1. If I compute mean projected area of the Cα convex hull in nm² from the structure I just sent, which labelled value in [x] 25.5; [y] 16.2; [z] 22.7 lines up?
2. Which lysines have a Cα less than 27 Å from the Cα of K101, not counting those fewer than 8 places away in the same chain?
3. So, for the range 89-236, what is the accessible surface per residue at a probe of 1.4 Å, expressed in square angstrom?
4. Relative to the longest principal axis of the C-alpha atoms of the chain, give the angle of the C-alpha long axis of helix 188-206, reported between 0 and 90° and rounded to the nearest 10°.
5. Quick check for you: with a 1.4 Å probe and neighbouring chains kept, what is the accessible area per residue of the range 246-317, in Å²?
6. Would you kindly state the longest site-free stretch of the chain, with sites defined as trypsin sites (Lys or Arg not before Pro) in a DSSP loop (not H, G, I, E, B) surrounded by at most 14 other Cβ atoms within 10 Å?
7. About its Cα centre, how strong a charge dipole does the chain have in debye, to the nearest 20, once Lys and Arg get +1 and Asp and Glu get -1 at the Cβ?
8. For the chain, what does -39500 (n - 2.57) per DSSP helix run (n ≥ 4), summed and divided by total residues, give at 222 nm, in deg cm²/dmol to the nearest 500?
Amino acid sequence: MTEVKFFRRRALAIVLALVLLIGAGSIAYLNRSAIRNAFEQIQGNDFVGIGKGEAFIEIAPGDTGEDVAQSLVDAGVVKNFRTTYKLILEQNPTFFPGTYKLKLEMSSLAALAALADPQNSVVNRVTIKEGLRISVVFKVLSEATGIAVDEFESAASKLDNFDLPKAAPSLEGYLFPATYTFEPKADALSVLKTMRDRMQQELDSFGVSAADTHRVLTLAGLVQKEARQEADFYKASRTFLNRLDKGMKLQSDATVSYGVNGDTVSTSAADRANDNGYNTYLYEGLPIGPIGAPGRVAIDAALNPADGDWLYFCTINLETGETVFSDTYAQHEKAVALWQAWMKDHPEYD
């Protein structure tokens with residue numbers, strides 16, 4: 001068989017395949033681009049099929065079709081710049097910034113279709129829950145992004161990078177708890193800045209001034225850690241504010257535990273005697289900073305507390321979050337007795 005006959009038969013086979021696909025209802029797919037792509041393959045200017053292996057393509061903001069075509073060629077995804085670029089001009093697709101997982105040696109048509117499929121976008125998705133301490137946040141971020149915990153610790157230690165109030169002792173409480181997506185090339189600093197910026201957006205939505213930011217987040221972090229049910233967030237906020245107004249110490253076990261790097265509900269006499277800026281048994285007023293990441297409800301509660309004369313509260317069931325709010329110490333003692341009885345029956349919560 002001569003070479004001319006071979007190529008004629010190959011062209012005929014491709015044309016027949018196109019006709020069969022049209023007959024199967026694929027008219028929308030077999031447009032002029034598909035036909036041209038098939039002949040580019042016949043001429044040896046394009047790969048055939050959906051490719052093999054894997055390759056990653058990064059599209060930056062502002063990249064043109066020419067930039068995308070060159071990136072595809074450089075990565076070994078497509079064979080010929082001219083063929084791919086002509087197809088881009090013909091289709092006029094919209095390219096969204098991000099990193100995409102494709103294959104090596106794809107046809108230009110298949111490569112552009114893959115770039116248009118959101119499922120091929122490669123991102124690290126992570127959910128940060130409300131109330132987590134920053135040390136735990138770093139571990140969760142590390143697991144999702146592959147960035148080492150010590151890199152987050154190092155980035156967080158450079159407080160000048162985060163536009164924090166002067167009173168803030170650390171980045172604790174300034175990273176908003178939410179679900180994030182990060183590009184694979186993101187580093188620790190850019191991840192933390194994204195979360196810090198997200199917290200600032202939240203504060204701005206509430207109209208919190210720069211002068212009030214640290215106080216609001218410190219109270220919100222305390223409410224987030226102490227309250228269980230959403231309605232109780234607002235009652236807990238009022239309770240703490242009532243105690244502050246009366247010059248009473250807050251006496252929050254959550255702040256004591258944070259100050260000694262503990263992780264239990266209860267605290268010991270030694271914990272409560274430990275001299276640190278988070279010990280609200282020793283010192284009046286709010287702790288020196290947030291003790292965890294407050295979410296939107298906690299921030300709202302710090303700004304809009306419920307009406308009430310409560311001075312005490314005690315969660316009497318850690319499974320349901322049932323909490324008793326009291327105006328007097330005598331009432332509070334009864335609630336504490338209920339909590340102690342519940343804890344006796346549930347030692348696993350100690």
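1. Computed from these coordinates, mean projected area of the Cα convex hull in nm² corresponds to label [x].
2. K52, K79, K86, K139, K185, K193
3. 49 Å²
4. Tilt relative to the chain: about 60 degrees.
5. On the way: 3150 Å² over 72 residues.
Normalised by residue count, the accessible surface of the range 246-317 is 44 Å².
6. Details: sites that count: K129, K158, K166, K185, K246, K249.
Answer from the scan: 1-128.
7. Details: 34 positive and 45 negative charges, 332 e Å.
Dipole about the Cα centre, nearest 20: 1600 debye.
8. For the chain, the value works out to -15000 deg cm²/dmol.
The values are calculated or read from the model by the stated rules, or taken from the named source; none is laboratory data. None of the values given here were measured: they were computed from a predicted structure. Positions of Cβ are generated from backbone atoms using ideal geometry, with glycine treated the same way; all protein chains shown enter the neighbour counts. The protein model used for the area step is the full one, side chains on, heavy atoms only, and it has no ligands, DNA or RNA in it. Shrake-Rupley method; radii C 1.70, N 1.55, O 1.52, S 1.80 Å.
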